[in-house]
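Structure first, commentary second.
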Amino acid sequence: MFKNKTVWITGASSGIGEGLAYEFARQGANLVLSARNLEALEKVKSNCASGVNIIVQPLDIGKHNSFQEITNTVIEKMGKIDVLVNNAGISQRSMAKDTDFAVYERLININLLGTIGLTKAVLPHFIQNQSGYFVTITSLMGKFATPLRSGYAAAKHGLHGFFDALRLEHYSDNIKVTLVTPGFVKTNISINALVADGSKQNTMDEGQANGITPEQLAKMLLRDMKKGKREVYYGGLKEGLALKLKRFAPGILEMVLRNQKVT
């Protein structure tokens, strides 16, 4: 399915994006790797399987005005985009009452508006080709919220609404959408998470440290993309149970989460 296809991955310098880069390359896809850290991107590129075409394209997901020009550059260099993996983002670890409003602006600007903006830049290309695949990495926080994640959950909930609508609107254009809702994955997302004043937490959450690996997630995701799944969940049993409680017994889930350690 992916051999000789062009896959553009944001947030590809580490974590889930890095894991996806390796798996897509292993399955024969050509890659566009984007993030702010060029040195890290070049390292990921060098570690990918040989025999595929890979370019490094700098991208700051918070700078929306650059998206159309960058998208045009990618199309010019690669000829076509087949898959856009919206992975770039940042998390939060702070109580709503303590959190500066500027932190909420940054969370929404990056996680929600940045993802929507890049998607809209690529969408006309997909419509013209009458094919395309948006893969958006959200979070369990797109399905329910926990303490310390108010702004993060708001942004991730927004992504579910936007991409569910997009899928409906462009079904006849043969454009697919898969929403990915991971639980804890062993990445640096908790280290880089914003606290109340906008600085980084700079510590690894216990749940994050014990999560699945990005490589495990990547293998499962590509398998499920081949099946055309609309929404997928990857993580531990506790997170999976929380999803079921949210749907069938939300009051019980609230009681659990009020006293649950969420870091």
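Structure notes:
- Within the listed set PHE144, PHE163, PHE101, the Gaussian network model of the chain (springs between alpha-carbon atoms below 10 Å) gives the highest mean-square fluctuation for PHE101.
- Remark on ILE90: its backbone amide H falls under 5 Å from those of ASN111, a criterion applied only to residues 5 or more positions apart or on other chains, H modelled at 1.01 Å from N.
- GNM result for the chain, Cα springs below 10 Å: residue of GLY151, GLY117, GLY161 fluctuating most strongly: GLY161
- Hz values of 3J(HN,Hα) by residue in region 246-251 - Karplus curve (6.51, -1.76, 1.60), Gly and Pro given as x: 4, 7, 10, 8, x, x
- Across every pair of non-identical alpha carbons in region 6-236, the mean reciprocal distance, once inverted, gives a Kirkwood radius of 17.7 Å.
- Sorted from greatest to least, the principal axis extents spanned by the alpha carbons of region 60-160 come out as 48, 25, 15 Å.
- Its relative contact order, with pairs defined as Cα atoms under 8 Å and 6+ residues apart, puts the chain at 19 percent.
- Nearest-0.05 FRET efficiency for ASN4 and GLU39, computed from C-beta distance (R0 30 Å): 0.60
- Shape category assigned to region 1-78 from the gyration tensor of Cα positions, a/c cut at 1.5: oblate
- Taking trypsin sites (Lys or Arg not before Pro) in DSSP loop states with no more than 15 other Cβ atoms inside 10 Å as exposed sites, the chain has its longest site-free stretch at 81-226.
- Scalar couplings 3J(HN,Hα) for region 229-238, obtained by applying the Karplus form with A = 6.51, B = -1.76, C = 1.60 to θ = phi - 60°, are 5, 7, 8, 9, 10, 10, x, x, 5, 5 Hz; x denotes Gly and Pro.
- Region 158-195 and region 1-47 have their alpha-carbon centroids 18 Å apart.
- Toward the positive end of the charge dipole of region 6-236, with +1 on the Cβ of Lys and Arg and -1 on the Cβ of Asp and Glu, the farthest Cα among ILE127, THR203, GLN92 is that of ILE127.
- Near the amide H of GLY132, within less than 5 Å, lie the amide hydrogens of LYS176, all on another chain or at least 5 residues away, with H placed in the peptide plane.
- 3J(HN,Hα) along region 85-93: 9, 7, 10, 4, x, 9, 10, 9, 9 Hz, from the Karplus curve 6.51 cos²θ - 1.76 cosθ + 1.60 with θ = phi - 60°, whole Hz, x for Gly and Pro.
- Note on the chain: GNM, Cα springs under 10 Å; of GLY62, GLY11, GLY207, the largest mean-square fluctuation is that of GLY207.
Laboratory data are not the source of any read-out in this text; all were calculated from the coordinates shown. Owing to the predicted nature of the structure, the values given are computational and were not obtained by experimental measurement. Cβ coordinates were reconstructed from backbone atoms using ideal geometry, including for glycine residues, and neighbour counts include every protein chain displayed.
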